[in-house]
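**Q** This is the structure I want to talk about, given as structure tokens.
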Amino acid sequence: MIPDAAQKLVAVYENLQSENPENWSNAVHSCRRILQDMADVLYPPRDDKVVDVNGKKKTIRLGKDNYVNRLIAFLEENSKSSRFQDIVGSHLAFVGNRLDSIFQAAQMGSHDIIVSREEADRYVVYTYLVVGDILSLT
């Protein structure tokens, strides 16, 4: 379904084997790209949607850069279990928001964002688990 994901996962693994913290950051950035690629395949960008939340209108952004929202929308539309949606959705939101924060800090020139291999490993494992959960719905 996501042809480049296997190649990116190999790069993640290779980067995690390094002693260079810059490579650990690259591994984490690859996780973000894997989630973006998965969103593009499973729930391509589209017009925003307006939903009713407790009587108030809320706009859900579903554009190209809103990959977390798109994956959560995919979960909501394809899972019959609201508990599954809640658990995977909250994990996805946590991982996606953290990966975005790391990416934005790197864009601003901060290079000491990932301070240990263990931290990078953690993001890779979180990403791997979220990807597995989401793909179980296909």
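The values are calculated or read from the model by the stated rules, or taken from the named source; none is laboratory data. Quantities reported herein were computed from a predicted structural model and do not represent experimental measurements. Note: ideal-geometry Cβ built from the backbone for every residue, glycine included; neighbour counts use all protein chains shown.
**Q** Does at least one position in segment 14-26 carry a residue that is charged (D, E, K, R) and assigned to a helix (DSSP H, G or I)?
**A** Yes, segment 14-26 has at least one match.
**Q** Enumerate the pairs (first residue in segment 82-106 and closer than 14 Å to Val130 by Cβ and hydrophobic (A, V, I, L, M, F, W, C); second residue anywhere and surrounded by 15 or more Cβ atoms within 10 Å (Cβ to Cβ) and at pLDDT below 80) with beta-carbon separation below 7 Å, excluding pairs fewer than 6 apart on the same chain, so at least 6 apart or on different chains.
**A** As it stands, the answer is none, since no pair meets every condition given.
**Q** Out of all the residues in segment 65-97, which are buried (at least 18 other Cβ atoms within 10 Å of the Cβ) and among the aromatic types (Phe, Trp, Tyr)?
**A** Tyr67, Phe74
**Q** Right, next: So which residues in segment 30-64 are crowded, with 17+ Cβ neighbours inside 10 Å and either in contact with a Cys (Cβ under 9 Å, 6 or more places away or on another chain) or part of a helix (DSSP H, G or I) (or both), if there are any at all?
**A** Ser30, Cys31, Arg32, Arg33, Ile34, Leu35, Gln36, Asp37, Met38, Ala39, Leu42, listed by residue number.
**Q** Right, here's the next one. Pull up segment 87-130, narrow it to residues that are outside any helix (DSSP H, G or I) and β-branched (Val, Ile, Thr), then point me to the one that is modelled with the lowest pLDDT.
**A** It comes out as Ile113.
**Q** Looking only at segment 1-49, how many residues end up being under 19 Å from Thr138 (Cβ atoms) and of a type in the set (D, E, K, R)?
**A** Qualifying residue count, segment 1-49: 5.
**Q** Write out, first by first residue and then by second, each pair whose Cβ atoms fall under 8 Å of each other, whose residues are 6+ apart or on separate chains, and whose first residue, in segment 1-29, is farther than 19 Å from Asp100 by Cα while the second is outside any helix (DSSP H, G or I).
**A** Qualifying pairs under 8 Å: Met1/Thr138.
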